[in-house]
Amino acid sequence: NTILKDSSRNEYLIDRMTKLADRTIWAIGKQLECGIFKPDAYEMKFLLDGEVVESKKTLSMKGKIDRIDICEDDDNVYVRIVDYKSGKSDFDLLKAYYGIKMQLVVYMRAAMQIEQKRHPDKNIIPAGLLYYNIDNPIVELDSTASDLPDDGTSVEKMIFEALAMKGVVNCDGNIIKNMDSSDVKKSDVIPVSYKKDGTIDSRSHILNTDQFISLDNYIAKKTSDVGKKIYSGADKINPYKDGNYSSCSYCPYNEVCGFSQNLGNIKFRQIQKFDDAQLWENIKEGVDEDGSKLD
């Protein structure tokens, strides 16, 4: 009966947050019910061992993983990362390659090390890098449809579908079924859909195990390269632009850095596009966007 209820606006916000929390718990519970992956850790703190980036200088990374889910068989432990976001996040391979959006891949490396210590006699296999975008969506129901039940189940299904996790998962069919065993054409849990013959279609966001490992190795080199630049005192103002979006769009420090395209030859760094084959070749070979080999 204090500040949270001192105005109608605050009371509305509390009600909205309560409904958002209820919807989130409902959706996450249903997502877990659809498969056999189970949470193994929440808010898991980690410290990745330091890499030498310069003589007598090392780079260590620490953080906190929202959720680590695992599934086991006799020989393997399959690991997926789930990160909670309040916006509309999705996995972007190109931005990971550029070092702009490496968070989930770094989390996977840390989680696999954690699970290897917990399961020393098993192989640790990356299963998925996923975002759960926290929302309480409003869906539009076609009131003219005559075959819809009137018990609210269709609305719930549409809401559940709207809350499907974004990201990328391992293309192994058994791993996918262990995340969502539903017999559907399009999963309401993970970014996977199927053709009529039951095979995974091209709209699915999938990687194979070798690609996960190659990406992990590349990002480890990329973070080390960033560390070297930090230690060398690199302070170049070099924001990027991708379509209509730029790294300055929501940056609160523009007045500090003073970046402006109105000053001489200053320009945004453009994100060069690569076809999938070239992008994966660069990742496997450890070559950055400038064509330089990462150490």
In debye, nearest 20: dipole of region 1-82 around its Cα centre with unit charges on the Cβ of K, R (+) and D, E (-)?
600 debye
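Treating only the Cβ of Lys, Arg, Asp and Glu as charged (+1, +1, -1, -1), what charge dipole size does the chain show about its Cα centre? Round to the nearest 20 debye. The partial results should precede the final answer.
Numbers: 41 positive and 49 negative charges, 246 e Å.
The calculated dipole for the chain is roughly 1180 debye.
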For region 257-271, just list the computed ³J(HN,Hα) in residue order, Karplus coefficients 6.51, -1.76 and 1.60, θ = phi - 60°, integers in Hz, with x standing in for Gly and Pro.
7, x, 5, 7, 6, 7, 9, x, 9, 6, 9, 5, 7, 7, 7
Whose amide H sits under 5 Å from the amide H of LYS101, counting only residues 5 or more places off or on another chain, with H placed in the peptide plane?
ALA96
Run through the DSSP bridge list for region 1-149 and note the antiparallel percent, rounded to the nearest 5.
65 percent
Among 271-281, 109-119, how do they line up by average Cβ neighbours within 10 Å per residue, starting with the highest?
109-119, 271-281
For an R0 of 35 angstrom, estimate the FRET efficiency from the Cβ-Cβ distance between THR209 and ASN265 and round to the nearest 0.05.
0.20
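How many percent of the alpha carbon pairs in the chain exceed a separation of 24 Å?
Here the tail beyond 24 Å accounts for 62 percent of pairs.
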Taking only C-alpha pairs under 8 Å that are 6+ residues apart, what is the relative contact order of region 12-85 in percent?
24 percent
By the mean-Cβ-within-10 Å protection proxy, highest first, 197-208, 95-106 rank as 95-106, 197-208
Find the eigenvalues of the gyration tensor of the Cα atoms of region 1-153, then list the square roots of 5 times those eigenvalues as equivalent ellipsoid semi-axes, largest first, in whole angstrom.
37, 23, 16
Provide LYS157, LYS57 ordered by accessible surface of protein heavy atoms (probe 1.4 Å), highest first.
LYS157, LYS57
Given Cβ charges of +1 for Lys and Arg and -1 for Asp and Glu, the option among ILE68, GLY291, SER89 whose Cα lies farthest towards the positive end of the dipole of the chain is GLY291
For GLU281 and TYR84, compute 0.36 nm times the residue count separating them, minus their Cα-Cα distance, and round to one decimal in nm.
67.8 nm
Between LYS57 and ASP183, what is the label-point separation in nm under the 7 Å Cα-to-beta-carbon projection?
6.1 nm
For region 15-107, what does the accessible surface come to per residue with a 1.4 Å probe? Please give it in Å².
54 Å²
Largest-first semi-axes in Å of the equivalent ellipsoid built from the Cα gyration tensor of region 193-291 are 34, 20, 12
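The values are calculated or read from the model by the stated rules, or taken from the named source; none is laboratory data. As the structure is a computational prediction, the values presented were derived from the model and not from experiment. Here Cβ is always computed from backbone atoms with ideal geometry, including for glycine, and neighbour counts include all displayed protein chains. Surface accessibility is based on the protein's heavy atoms, side chains included, excluding ligands, DNA and RNA. Shrake-Rupley method; radii C 1.70, N 1.55, O 1.52, S 1.80 Å.
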